[in-house]
């Protein structure tokens, strides 16, 4: 199982704020120290300085700042009192604390299923991406211990479940249907945790190498078979057309002679062309005289185009 690609929760601590970013806490601390110093000078009693320092430290623990996309889960003496944010909010030091910060932006989680058997017992590796969001910060904090890990495990389990009842052919051809079914299955498991799934995308389906070779040979044989079938159909259509043409030439000798002349013309257009004609065609179509005339014309044309020998 792969780790989520985005860090989901941020642990900032339930008591001590981050003084590097919480400017207000630093200001309150300094204000308490300044007030204690002034009282200590006026009363000439250094205990006021210690009191001001303690007061400033307590006040510095009170403010919190949540970003626009965050919700802070506040507990008072271990009891949930609400979700705070975004922006500035206050807590009672030592009585209240922020147990967790919930990120409500869209989160992407990569998950996969390795060496999982399909319904026709083919081991496959499937890599997918889950897009989800926390719509209820209270449920995400209170209903499940670690909601981001729970979502990742639920996605991986659902993927293995769907692969186990899907054939390899359906897995390769029906990705959209499987993604929709996977989204509904994960969403049903994560909704009680305040999480909803926006979409699931299968990035890659890897099958064993020998099976890939076998499928490639099968596809090649299928294409070759289809090509031979198409060629046979073309031969059948050509033979049928020849049969109709023969019937037309049988009762029309003039058309037959015109066709013979066209054949000779096409064959002798190129210089030095050679034509092999069966003797039966010469006798039946009267092509002897035509061929002699064509040969004479070809010889005269060659004599005219060749330069004289000196």
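The value of relative contact order for the range 107-208, using C-alpha pairs under 8 Å at least six residues apart, is 41 percent.
The convex hull drawn around the Cα atoms of the range 107-208, when projected onto a plane and averaged over every direction, covers 5.8 nm².
No value in this document is a laboratory result; all are computed from the given coordinates. Note that the coordinates shown come from a computational prediction; the quantities given were computed from them, not determined experimentally.
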